[in-house]
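Comments concern the structure below.
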Amino acid sequence: MKIGIPRALLYPIYIPLWKTFFEELGHQVVLSGRTSKGILNNGVKTCVDDACLPVKLFHGHVMDLIGKADVILVPRLISIYPGEFICPKFIGLPEMIKNSVSGSPKLLIMNFNARDRLEKGYDGMRQLGRELGASNTNVERALDRARARQAEYESMLESGFSPKSILEKRNARQSPASVKGRIGLIGHPYLVYDDYINMNIVEKLAARGYEAIFPENVPLEDIELACSRYPKKLFWSYGKRLLGGGLTMLEKRKVDGLIILTSFGCGIDAFIDELLLRANQREYRIPQTTITLDEHTGQAGFDTRLEAFIDMMEWRGRYDNNIPAYGTDVYTGKSLV
Amino acid sequence: MNGLEVYLGLDVGSVSVNLVLLDEKYNVLEKFYLRTQGRPIEVVKEGMEMMYRSMPAGCIIAGVGATGSGRELAGAMVDADVVKNEITAHGMAVLQSIPGAQTILEIGGQDSKIILLRNGVVSDFAMNTVCAAGTGSFLDRQAARLGIPIQEFGALALKSTSPVRIAGRCAVFAESDMIHKQQMGCSLEDIIKGLCEALVRNYLNNVGKGKEILPDIVFQGGVAANEGIKRSFEDALGQRVIVPEHYDVMGAIGAAILAHKKIRQGYTTRFRGFDSIHSDFTARSFSCSGCANLCEVVELSSAGSVKARWGDRCGKWSSSAARENHADILA
């Protein structure tokens with residue numbers, strides 16, 4: 001059977017798990033095309049109007065798969081870590097697709113709920129595997145291989161690769177020819193790894209000599225540690241990753257600037273961005289800006305903000321005289337040894 | 001020919017096209033503030049024509065800078081040496097002309113920004129995100145709706161004795177709230193003053209959120225002409241707000257200063273004189289069918305040859321990377 005996977009929402013995070021699982025069960029996986037104007041238009045046209053842009057894009061990607069696949073995978077991610085949740089829109093995704101996308105494509109709904117225990121999260125995949133006609137033994141074997149592949153992928157992400165460089169087998173990290181500095185790109189995976197919707201920000205940064213690092217490059221232990229400063233548990237998994245990822249980048253002096261990409265109307269980002277900004281202003285004082293993305297295709301407003309931010313970073317850097325405002329001095333002279 | 005070397009700055013915005021001529025000491029020799037009226041090419045030509053005619057004798061244009069949302073277009077038309085974003089341009093203009101300034105409040109035609117200056121550099125900034133409620137084009141619209149020339153808007157606000165409260169978060173809400181207050185019989189002065197307060201409240205909550213607004217505070221951009229908004233800022237901040245003499249063309253001043261800085265580093269200007277501006281500029285846009293993105297590419301031609309293209313994502317049409325050089329001009 002040909003199983004279509006929309007290249008949207010958490011695709012860049014979980015594709016090794018999903019793809020391996022279905023392929024090990026003997027199915028063929030097809031991906032929707034890369035986000036394009038056509039996919040965006042279809043998504044905006046089909047989806048309820050008050051949803052956020054990433055959810056609209058998911059609709060567009062589902063429509064792109066109609067006719068290309070026998071069934072279309074719609075993950076229902078409820079909780080990806082014990083005791084935490086992700087945005088409720090992920091929970092209602094299958095219903096939104098069923099009610100909005102016409103042409104009644106056959107959907108394959110895969111639940112993932114690890115609220116009690118991580119292991120229990122995979123029960124949804126087990127159940128789906130059996131529904132697809134596989135034996136328990138085959139399902140377990142496929143799941144083991146899929147999880148091994150996913151673990152390998154996550155450790156590559158933590159070692160500094162971007163999903164794009166791994167998934168598209170780019171041999172190098174997407175780095176500029178000569179690196180002037182690093183910029184932390186903080187945002188949900190469906191924004192920071194979708195070049196169409198983020199206006200090619202990674203390449204634009206590279207053209208100015210800056211390498212981007214992402215929340216997925218930060219190990220989970222560091223994220224937990226960084227978030228332990230807050231009196232309450234951050235129970236949105238992605239909110240925690242964005243905040244903890246940003247804080248770790250600041251704390252470890254890994255970045256010269258932080259750019260937060262947010263989609264208009266994102267409820268989680270509304271307070272996560274604010275918490276990160278406050279921590280940065282209080283303790284690190286590293287240039288930070290927020291760029292809001294929606295369905296614009298005109299790039300002028302985006303480019304103005306990006307260009308102004310880099311100008312400011314370089315302007316401030318020069319004043320700091322290689323003694324960054326955050327305290328540590330950096331020796332840039334000849335090597336002493 | 002040994003004339004006075006001068007620098008030309010253009011700021012092509014959504015509502016106005018501004019041109020300035022600076023000498024090397026950054027004195028403003030000439031300035032023009034023209035309405036864009038949705039025809040940037042014609043208005044840039046018109047402005048250049050006016051500049052040519054009124055330029056003091058013996059001046060030589062030694063460098064040209066362009067900024068504003070139409071900076072690509074303007075830069076291509078006049079062969080600008082520097083094409084820079086508005087934040088950097090506004091920041092530069094204030095840093096050079098108003099010592100002691102630490103905060104810039106800038107409200108233009110369709111965007112508003114706050115720029116913090118510390119230790120002689122831009123240290124932080126923010127721009128409005130999706131809401132243009134507090135900007136010049138909205139004020140323009142309201143003035144037109146009320147049948148008052150925009151120039152008198154501010155003076156009317158100052159006559160208010162008890163301003164009414166207007167919803168400021170959204171231009172649509174503000175307009176309907178204003179209409180309702182009018183229907184209730186509130187005076188025009190009080191409504192306009194209420195609008196000024198709403199705009200300032202929205203600006204400080206949205207653009208100015210979390211920013212440390214320290215004196216001296218400079219208020220510039222087209223909206224700074226509005227005495228009522230200035231007063232509302234002063235009331236809200238509890239501090240004096242300075243409106244610089246050339247508040248309406250500060251972006252263009254910054255662009256000219258940036259051009260001077262670049263030329264000083266040994267570049268030769270690309271400006272070919274005022275004659276080229278008379279040529280017949282035409283812009284057309286087409287949809288590139290090279291991939292699924294169907295980018296809207298804009299092509300600017302003059303005298304039958306293509307001067308510049310932009311708007312594509314992949315760089316197939318524009319070679320902006322080659323044109324845009326990020327020379328170290330902020331030093």
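Please count how many residues of segment A:187-221 are within 13 Å of A:Lys254 (Cα to Cα) and not polar (S, T, N, Q).
Our first condition is that a residue be within 13 Å of A:Lys254 (Cα to Cα); within segment A:187-221, this holds for A:210-215, A:217-218.
Next cut, not polar (S, T, N, Q) only: A:210-215, A:218.
Counting residues in segment A:187-221 that are within 13 Å of A:Lys254 (Cα to Cα) and not polar (S, T, N, Q) gives 7.
Between A:Val101, A:Val139, which is more than 17 Å from A:Ala8 (Cα to Cα) and of a type in the set (Val, Ile, Thr)?
On the way: A:Val101 fails: more than 17 Å from A:Ala8 (Cα to Cα).
Answer to the check: A:Val139.
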Practice item. Could you check how many residues of segment A:274-315 are within 9 Å of chain B (Cβ to nearest Cβ), assigned to a helix (DSSP H, G or I) and out of contact with any helix residue (DSSP H, G or I) (no Cβ under 9 Å at 6 or more places or on another chain)? Key: 6
Exercise for review: From the list B:Arg309, B:Arg323, pick out the single residue that is away from chain A (no Cβ under 12 Å), more than 28 Å from B:Leu95 (Cβ to Cβ), modelled with pLDDT under 95 and more than 21 Å from the chain's Cα centre (by Cα).
Suggested key: B:Arg309
Exercise for review: Select from segment B:146-166 the residues that are over 18 Å from B:Ser232 (Cα atoms) and exposed (fewer than 12 other Cβ atoms within 10 Å of the Cβ) and list them in ascending order.
Suggested key: B:Gly147, B:Pro149
Review point. Can you pull out the residues in segment B:125-140 that are at pLDDT 85 or above and more than 7 Å from chain A (Cβ to nearest Cβ)?
Key: B:Ala126
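Grab the helices (runs of 4 or more DSSP H) fully contained in segment A:196-259, keeping just those with 2 or more residues being assigned by TED's automatic domain parsing to the domain that holds A:Ile186, out of contact with any Ser or Thr (no Cβ under 9 Å at 6 or more places or on another chain) and among the hydroxyl-bearing types (Ser, Thr, Tyr). Break it down into steps so the answer makes sense when it comes.
Details: elements: A:201-207, A:220-227, A:237-251.
Result: A:237-251.
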Check your understanding: Just wondering, is there one or more residues in segment A:72-92 that are modelled with pLDDT under 95 and more than 23 Å from A:Glu216 (Cα to Cα)?
Key -> yes
Check your understanding: Pick from segment B:147-165 the residues that are farther than 24 Å from B:Asn206 by Cβ and in a helix (DSSP H, G or I): which of them is nearest to the chain's Cα centre (by Cα)?
Key -> B:Gln151
Study note, to complete from the structure: Within segment B:283-305, the count of residues that are away from chain A (no Cβ under 11 Å), open to solvent by 70 Å² or more (accessible area, probe 1.4 Å), of a type outside the set (D, E, K, R) and touching a strand residue (DSSP E or B) at 6+ places or on another chain (Cβ under 8 Å) comes to 1
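Do the conditions hold for B:Ile263, that is, is it within 17 Å of B:Leu8 (Cβ to Cβ), in contact with a strand residue (DSSP E or B) (Cβ under 8 Å, 6 or more places away or on another chain) and part of a helix (DSSP H, G or I)? Quick ask: steps written out before the conclusion?
Values: within 17 Å of B:Leu8 (Cβ to Cβ): yes; in contact with a strand residue (DSSP E or B) (Cβ under 8 Å, 6 or more places away or on another chain): yes; part of a helix (DSSP H, G or I): yes.
So B:Ile263 fits the description; yes.
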Review point. Quick one: would you say B:Lys181 is touching a Lys or Arg at 6+ places or on another chain (Cβ under 9 Å) and either within 14 Å of chain A (Cβ to nearest Cβ) or not aliphatic (A, V, I, L, M) (or both)?
Key: yes
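The values are calculated or read from the model by the stated rules, or taken from the named source; none is laboratory data. This one's a predicted model, so the numbers in the text were calculated from it and none came from an experiment. Backbone-built Cβ (ideal geometry, glycine too); neighbour counts: all protein chains shown. In case anyone asks, the SASA skips ligands and DNA or RNA and just uses the protein heavy atoms, side chains included. Shrake-Rupley method; radii C 1.70, N 1.55, O 1.52, S 1.80 Å.
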